[in-house]
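Please treat every number below as a calculation from the coordinates, not as lab data. None of these values were measured; they are calculated from a predicted model. Positions of Cβ are backbone-derived with ideal geometry, glycine not excepted, and every protein chain shown enters the neighbour counts.
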């Protein structure tokens, strides 16, 4: 239709080779008129690239994986790369079936996304020759991982409370077996030290649940508590903060006037529903997913990528519960 | 390695053609020894099928899409079909880019999954020759849709309350502009009529939020309420139920002794965290996703599929808030 050879048409459509601009434009106009689509499968066979990635996740709720997937997809779609979603839950057999499927589909790389930074997905990666990045999950030695900088995020929250004049800042957090717990505790201690404050007692450690937060409020503010009470509580996640605030409301303790509360996760469905709305640390997981995607593209392109874990910055989302926002 | 022709090897591996069982077994053993994997892209070129589906969703939280995707993937992986995830939010431009990507990847079909049954995704499907199914979103005339049977689900909840002896069953629900609202209201009315009960007033309609549930409690149980109070509240979603129950706790109204509460969605992160845990209608979205996947496979296989919307059954998950469970 454009009166050129197949080779010339290919060069024109792929923006390669040298030719008269008019020729290139004529081919591209013909392609548009014919509604021509390059056959991705044929191109994949020739280039030995499928322009696909596999995202394997055991995070059933999608609390962590959804923003990671959103950031990953956003970075990929503009580069012509599409992402397969494989929900493997915690089932090694389903993990294996999905891993086989991804190899059969000739994905160019794999993103493994978990729900805690200290656990690997139940996958046997031995003998796998694909580029792999690990997101919000444990990486093997020499592997490449992406996670939020929990310690710095916690320090951000506690420094904000100290900056608002709070002096007795308690910490209520999850089970000590989770790596996130000592990291967030370290951030609490560091920010307190930098503000010249002492920790308000030892951290209260329990479940990552509203129920534990509810009970922790009784320990900190109940009738058997001594005269010394916290004027701020930094919570290890938003669910703990939610339960704590519900209990404080029932006890008649005012937030933020009597006590400021800050959570961790910025899970908006919780953080915006507390009364008042909850200040919380956002792990910026969408950006974590985007960075993981850009890195795996580099690996696919054969660029050298340093092994190790990248810890990306969190940000503090200020709402009314800390007493620092106007709203 | 097996001492047979390429054609025989292909037939042996694809379980086609007639040959001695020993020959087939010899080829398969050689394939295992060589760790042979069929090249999915080459097979796709030959068969004109890519064994891939595109899942396009505008449900950012993943509240609805995650269980749909889990059911879809589970049904697909055993059939060698993998699913591309495309998060388009509500952005028509991003929707177009993702739709183009899915066409370029030669997907065999598209599943469009939304976050409300009465809104279509922001996609121009004209000129598209692929099989498409619509899940938890509006379908065009002649299209094929899958959604939960909201009316029957609501009736299930209200019949359960009536069966427990509740007689004054109120309904607190979302904005009237959502199709789910009149459907759930119709189920409430039908179950009441079948139990010989009258509606307790008109439904209270507001936002799908905890905040609205919190305020609705004041309207139903506050100091300015008349002597007649509900002994049960059927809520249009779990967030409304959560806000209502939090307000009841502050007002000293006991759940379930003074009033039974039932939600809708069975969003476990809410339903298990209320005090007491919330009885709720589960829309069985994983099964919705599975059925949608099996249907699109039929369409890809050229089977005739009736147009129209399939409404699949909900189930009631009984917890302590309705007073009917032992736990």
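Counting Cα-Cα pairs of the protein assembly as shown in 10 Å increments starting at 0 gives whole-percent bin shares of 3, 14, 21, 23, 20, 11, 6, 2, 0, 0. Angle of helix A:92-104 to the longest C-alpha principal axis of chain A, folded into 0 to 90 degrees and rounded to 10: 30°. The same position residue B:168 in the other copies lies at 4.5 nm from this copy, comparing label points 7 Å beyond Cα toward the beta-carbon, shortest first. The orientation-averaged projected area of the convex hull spanned by the Cα atoms of the range B:221-293 comes to 5.5 nm².
Both radii are taken from the alpha-carbon atoms of the range B:102-221; with Rh as the Kirkwood radius, Rg/Rh is 1.13.
Peptide B:50-63 is shielded by partner chain Cβ atoms: per residue, an average of 3 of them sit within 10 Å of its Cβ.
Dimensions of chain A based on its C-alpha atoms, expressed as ranges along the principal axes with the largest first, amount to 89, 44, 33 Å. For chain A, the longest principal axis of the Cα atoms and the long axis of helix A:180-194 meet at an angle of about 60 degrees.
The order of the peptides B:91-101, A:171-181 by mean Cβ neighbours within 10 Å, most packed first, is A:171-181, B:91-101. Note on B:169, B:269: ascending count of other Cβ atoms within 10 Å places them as B:269, B:169, the fewest first. Taking each residue as 0.36 nm, the span from residue A:219 to residue A:29 lengthens on full extension beyond its C-alpha to C-alpha distance by 61.1 nm. Take each peptide in B:288-297, A:75-84, count the other Cβ atoms within 10 Å of every residue, and average; sorted highest first, the result is B:288-297, A:75-84.
Ranked from shortest, the separations from the 7 Å Cα-to-Cβ label point of residue A:250 to its equivalents in the other copies are 1.4 nm.
Report the paramagnetic label zone for residue B:272: residues of the range A:48-74 whose backbone N is under 11 Å from a point 7 Å from Cα along the Cα-to-Cβ axis. Those under the cut-off are A:61. The calculated FRET efficiency for residue A:228 paired with residue A:128, based on their beta-carbon distance and R0 = 41 Å, is about 0.15.
Using the rule -39500 (n - 2.57) for each DSSP H run of four or more residues, divided by the residues of the protein assembly as shown, the 222 nm mean residue ellipticity is -12500 deg cm²/dmol.
Work out how much length residue B:49 to residue B:207 would gain on full extension: take 0.36 nm times their residue separation and subtract the Cα-Cα distance, in nm to one decimal. Intermediate values should be presented prior to the final figure.
Working: separation 158, 0.36 × 158 = 56.88 nm, distance 4.49 nm.
Length gained, residue B:49 through residue B:207: 52.4 nm.
Taking the number of other C-beta atoms within 10 Å as the exposure measure, put A:306, B:104, A:194 in order starting with the fewest.
On the way: A:306 7, B:104 17, A:194 12.
Arranged by neighbour count, lowest to highest, A:306, B:104, A:194 become A:306, A:194, B:104.
For B:106, B:235, A:86, what ranking results if the residue with the fewest other Cβ atoms within 10 Å of its Cβ goes first?
Working: B:106 20, B:235 31, A:86 24.
With the sparsest Cβ surroundings first, the list reads B:106, A:86, B:235.
Applying 1/(1 + (r/R0)^6) with R0 = 35 Å to the Cβ-Cβ distance of residue A:89 and residue B:305, what FRET efficiency is obtained, to the nearest 0.05? Efficiency, from the Cβ-Cβ distance: 0.70. For chain B, the longest principal axis of the C-alpha atoms and the axis of helix B:21-33 are separated by about 70°. The Kirkwood hydrodynamic radius of the range B:151-295, based on inverse pair distances between different Cα atoms, is 15.1 Å. Taking R0 as 25 Å, what's the FRET efficiency between residue B:10 and residue A:100 from their Cβ-Cβ distance, rounded to 0.05? That pair, residue B:10 with residue A:100, gives E of 0.80. Take the Cα of residue A:79, step 7 Å toward its Cβ, do the same at residue B:19, and the gap between the two points is 4.1 nm.
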